[in-house]
Amino acid sequence: MKANIVIIGGGISGVSIAYNLAKKGMKDIVVFDDNYMTGGATGRCGAGIRQQWGTLMNCKLAKMSIDFFETAQETLEYHRDVEFKQEGYLVVATTKKEDEISEKNVALQNSVGIPTQKLTPKEALTIVPHLNIDEVVSATFCPTDGHLNPFLMTDAYYQAAKKLGVTFFYEEKVIEIVTKDKQIKKVITEHHEVFTSKVVNVAGGYSREVGLMAGVDIPVFSENHEILVTEPTEKIQGPMVISFSKNIYCQQVPHGSFIMGRSDLQALHNHDIGHTHQFLDEMAKTAVNLLPPLGDLRVVRQWGGSYNITPDRQPIISDTDQCSGYYMGVGFSGHGFMFAPITGILLSEIILEEKPTIDITKLHIDRFKNKNLQSYETNVV
Amino acid sequence: MSKKDIMICRCEDVSLEDLHNVLNEGFTSIEEIKRILRVGMGACQGNTCNLLVQREVAKFLNIPLSEVKTQKVRPLITGVKLKSILENANES
């Protein structure tokens, strides 16, 4: 089998890249994924899409992705409802330092056209009336942040890419990438040998391993982030409520369930995607404290998923001098789903040697050759 | 009885017609069907619908029921209120 390009990873980033390349006329695009569709990080994510970031690059990536999501349903001609909802993110500051940082972030976000506003605790109450403002110093609100169904959004891209001729193999693991003189020659999977000169690594939690297959050293690690979902209830909360100091994100999805998650600050760097009772305990404490009426909701399910994290917690979207024909969209540090539209656009431009829509020098893997990080994303749960 | 009126998943209001449509689209693993239709994601966590879905998949693929993999079982076994979890966490 021959291919112009092999995409490793059929999650949201993979289907977005495949769609964008095919739309630009590339033929013989093949996608492999060792799991079922959305079996990896995409299907395990919190389903939120936000633009309230602390670095310029993340703000730009988020803004351009939301611009796409606003018309994704029609653009991709998808026959199901992708459950897009734009009712904002309310970011809650509970320390003085956090309040000061948020001031700077709002200015940064506004500078690229993201309509975030700073709010007093009382103003925050008009947006989320059941918020406990005892510890709240201030809040920021961006009305165009929101929610999308990760399964259906992935399927929408997948169906559109298939119509454009992309070939997908789910449940088929890539075993080896054959290179010669730092050039891609072949990709060997459980059932195929594919001759190709180009490979894209969008393997989410396993992107480091897929890098090493071609001798590419990618400075990322994976860690487990747990999450839970409640039974559905009548609509009481429009926006996602998120706090970096309280370590919580929590939103009511259009279906009625509440989805919430937090970070385990002691999480090990590995591929664990299990679930713990400690998470349930800590999550219940924070959620009921910050959003008291949620105490009456029943938790129906919990799970875990991998964040793939870079040293500056911003993604790597680039080629590399370590191997010619090797491209990557990795290290999204928990936000690959919400950045997927722009990931697809930018990588298709890099691969087809077009001028990228935005300057992405700062997202190149080479930025880590300099040990001093130029920027660091603080806005991560 | 019309396929529209035969309910497969009572938690999420999924009919036999919905299920057949997704099978015809090419989604034949229970994990995928769950993510598209939400069967098995509701209050009963698939205890009611899973066997029904399994049977339909087996019929569609013309394979024995035993060869259709069920969905992954995740906690909790039954719904528990967040405040009950909180009370228990505070005691221990």
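The values are calculated or read from the model by the stated rules, or taken from the named source; none is laboratory data. All figures in this text were calculated on a predicted structure; none of them were measured in a lab. Cβ coordinates were reconstructed from backbone atoms using ideal geometry, including for glycine residues, and neighbour counts include every protein chain displayed. Accessible surface is based on the protein model in full, side chains and every heavy atom, while ligands, DNA and RNA are left aside. Shrake-Rupley method; radii C 1.70, N 1.55, O 1.52, S 1.80 Å.
What to note about this one:
- Shielding by partners - mean other protein chain Cβ count within 10 Å, residues of A:295-305: 6
- Between helix B:82-91 and chain B there is an angle of about 40 degrees, using the helix long axis and the longest principal axis of the Cα atoms.
- Under a 5 Å amide H cut-off, with hydrogens placed 1.01 Å from N, A:ILE7 pairs with A:VAL30, A:VAL31, A:PHE32, A:VAL200 among residues at least 5 apart or on other chains.
- The angle between the Cα long axis of helix A:277-290 and the main principal axis of chain A comes to about 50°, on a 0 to 90 degree scale.
- Near A:ILE351: Cβ cut-off under 10 Å, other residues only, Lys/Arg at +1 and Asp/Glu at -1. The net charge is -2.
- Gyration tensor verdict on the protein assembly as shown (Cα atoms; rounded if a/c is under 1.5, prolate if a/b is larger than b/c, oblate otherwise): oblate
- HN-Hα J in Hz across the stretch A:324-339 - Karplus 6.51, -1.76, 1.60, θ = phi - 60°, x for Gly and Pro: 6, x, 9, 10, 8, x, 9, x, 6, 6, x, 9, x, 5, 6, 9
- Over chain A, dividing the summed -39,500 (n - 2.57) contributions of all DSSP H runs of at least 4 residues by the number of residues returns a 222 nm mean residue ellipticity of -8500 deg cm²/dmol.
- Nonlocal amide H pairs with A:THR233, under 5 Å, H built at 1.01 Å: A:SER257
- Along the stretch A:110-115 the Karplus relation, 6.51 cos²θ - 1.76 cosθ + 1.60 evaluated at θ = phi - 60°, assigns HN-Hα couplings of 4, 5, 10, x, 8, x Hz to successive residues, with x for each Gly and Pro.
- Loss of accessible area when B meets A, both sides summed, Å² nearest 100, probe 1.4 Å: 2800
- Restricting the stretch A:329-381 to chymotrypsin sites (Phe, Trp or Tyr not before Pro) that sit in a DSSP loop and have at most 13 other Cβ atoms within 10 Å of their own Cβ leaves A:TYR376.
- Couplings 3J(HN,Hα) of the stretch A:217-230, computed from phi: 8, 10, x, 10, 9, 10, 9, 7, 10, 9, 7, 9, 9, 9 Hz, in residue order, whole Hz [Karplus 6.51 cos²θ - 1.76 cosθ + 1.60, θ = phi - 60°; x for Gly and Pro].
- Modelled spin-label separation between A:GLN183 and A:GLN266, with each label point placed 7 Å from Cα along the Cα-to-Cβ direction: 5.2 nm.
- Projecting the Cα atoms of A:VAL200, A:PHE279, A:ILE358 onto the dipole axis of chain A, where Lys and Arg carry +1 and Asp and Glu carry -1 at the beta carbon, places A:ILE358 farthest toward the positive end.
- The aspartates and glutamates whose alpha-carbon is closer than 15 Å to the alpha-carbon of B:LYS72, local same-chain residues fewer than 8 away aside, are B:GLU31, B:GLU32.
- Distance in nm between pseudo-label sites at B:ILE6 and B:ALA89 (7 Å out along the Cβ direction from Cα): 4.4
- For chain A, the longest principal axis of the Cα atoms and the long axis of helix A:12-23 meet at an angle of about 50 degrees.
- Net charge of neighbours whose Cβ lies under 11 Å from the Cβ of A:GLU172, counting Lys and Arg as +1 and Asp and Glu as -1: -3
- When the C-alpha to C-alpha distance is required to be over 25 Å, the pairs from A:LYS285/B:LYS34; A:LYS63/A:LYS185; A:LYS97/A:LYS118; A:LYS27/A:LYS355; A:LYS60/A:LYS182; A:LYS60/A:LYS186 that qualify are A:LYS285/B:LYS34; A:LYS63/A:LYS185; A:LYS60/A:LYS182; A:LYS60/A:LYS186.
- Taking every alpha-carbon pair under 8 Å whose residues sit at least 6 apart, chain A reaches a relative contact order of 23 percent.
- Summed residue charge, Cβ within 13 Å of A:LEU119's Cβ, Lys/Arg positive, Asp/Glu negative: -1
- Estimated Rh, chain B: Kirkwood, alpha-carbon pairs, angstrom: 14.4
- Accessible surface area normalised per residue over the stretch B:3-91 is 54 Å², counting heavy atoms of protein chains with a 1.4 Å rolling probe.
- Exercise: per-residue mean of other protein chain Cβ atoms within 10 Å, A:286-293: 2
- Residue list for the stretch A:138-173, given a label point 7 angstrom along the Cα-to-Cβ vector of B:ILE63 and an amide N cut-off under 20 Å: A:168-173
- Interchain or long-range residues, amide H under 5 Å from A:ARG301's placed H: A:VAL229, B:LEU76
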